[in-house]
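Asker: Before anything else, here's the structure in question.
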Ligand code: GLY
């Protein structure tokens, strides 16, 4: 089982380690500053949120090195300019220079914020992420997307800035709240659908093993293998298309055009990202079926996995019944490729095909808005 990965995303090397336990701060510091003595001098800023504060304190210990810990409010609402500014100011106060180190300890939000701040602090500082959620481990901490939400739109501003070192300590997963767990599992299923074959079979096995309990060793082993495969797949895709300008990285947005619309129409933070993506994948299957791209047995297989994992796949979604609000949110999606104006024709969807998935532009779909209206309303 592969637990150590070396990727190069554009010009950035990124080392990813899957571990059973948490790293110690000494290990992290040594990885960044191998020269003895130097580490004592260099200021470090660790960032966590109210959910991961005790974990962060455990990792940092009470060593008398000058490590400043900044604790942000947990949740999607923290993905703001204000948080980035707070991190930047804390970095100045902690005395970080360009070779100073930012350590983000937490889930996707903490990683996106710490990464964004590190990417612009003195035009780019050093970055380590310790990912503590399933969503972070299988998706958000890998491949360098950073960002904040703005004007009610997800990740409107951000950068590509891969962490030099990413730890995925599995011990963090077994105390995750159910909502967090489900949010990550959807991204794991998404990656398995894209990779298909053995990985998808493994995810199905994982769903069945839930009956044994998530604490069982057989479940944990299977989960570790799923995470390893997810890292390997995503790493391959991002290496091939680091800035999403090609045809590979957009595939990682399977379920996201519909999913982001649901998240935004419900009000950011109301429906978890993963649950929205799961619902979005079900919509993508429906679109693919209608267009003759997704074979019927493939669509049923994907939807069955989602239902067995406890996701809402029906439409209209119980929390957002207004199709108009979903259409409006979708048209404002930043992933449109145009410079100006919003419109259905500019949307792109990732649709499962027999082997993996492919990109479909709404402009390629005859009477796109009528069809999308049907997909969203379930009529
Ligand atoms: N979360 C999708 C990506 O990293 O491209």
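Asker: Would it be correct to say that residue 131 is at pLDDT 95 or above, more than 16 Å from the ligand (Cβ to nearest atom) and either crowded, with 24+ Cβ neighbours inside 10 Å or closer than 30 Å to residue 182 by Cα (or both)?
Answerer: Details: at pLDDT 95 or above: yes; more than 16 Å from the ligand (Cβ to nearest atom): no; either crowded, with 24+ Cβ neighbours inside 10 Å or closer than 30 Å to residue 182 by Cα (or both): yes.
Considered against the rule, which asks whether it is at pLDDT 95 or above, more than 16 Å from the ligand (Cβ to nearest atom) and either crowded, with 24+ Cβ neighbours inside 10 Å or closer than 30 Å to residue 182 by Cα (or both), residue 131 comes out as no.
Asker: Might you let me know whether segment 206-227 holds any residue that is in contact (Cβ under 8 Å) with a residue 12 or more places away in the chain, surrounded by 16 or more Cβ atoms within 10 Å (Cβ to Cβ) and either under 14 Å from the mean Cα position of the chain (by Cα) or within 22 Å of residue 75 (Cβ to Cβ) (or both)?
Answerer: Yes; the residues of segment 206-227 include at least one that is in contact (Cβ under 8 Å) with a residue 12 or more places away in the chain, surrounded by 16 or more Cβ atoms within 10 Å (Cβ to Cβ) and either under 14 Å from the mean Cα position of the chain (by Cα) or within 22 Å of residue 75 (Cβ to Cβ) (or both).
Asker: State all residues of segment 233-279 that are buried (at least 24 other Cβ atoms within 10 Å of the Cβ), more than 15 Å from the chain's Cα centre (by Cα) and within 13 Å of the ligand (Cβ to nearest atom); if no residue qualifies, say none.
Answerer: The answer is none; no residue qualifies.
Asker: Would you say residue 287 is surrounded by 22 or more Cβ atoms within 10 Å (Cβ to Cβ), over 19 Å from the mean Cα position of the chain (by Cα), in contact (Cβ under 8 Å) with a residue 40 or more places away in the chain and assigned to a helix (DSSP H, G or I)?
Answerer: Working: surrounded by 22 or more Cβ atoms within 10 Å (Cβ to Cβ): yes; over 19 Å from the mean Cα position of the chain (by Cα): yes; in contact (Cβ under 8 Å) with a residue 40 or more places away in the chain: yes; assigned to a helix (DSSP H, G or I): yes.
Answer is yes for this residue.
Asker: Determine whether residue 172 is closer than 13 Å to residue 106 by Cβ and within 16 Å of the ligand (Cβ to nearest atom).
Answerer: no
Asker: Let me ask you something else. Please work out if residue 171 is over 12 Å from the mean Cα position of the chain (by Cα) and buried (at least 22 other Cβ atoms within 10 Å of the Cβ).
Answerer: no
The values are calculated or read from the model by the stated rules, or taken from the named source; none is laboratory data. This structure is a prediction, so every number in the text was calculated from the model and none was measured. All Cβ positions, glycine included, derive from the backbone under ideal geometry; neighbour counts span all protein chains shown.
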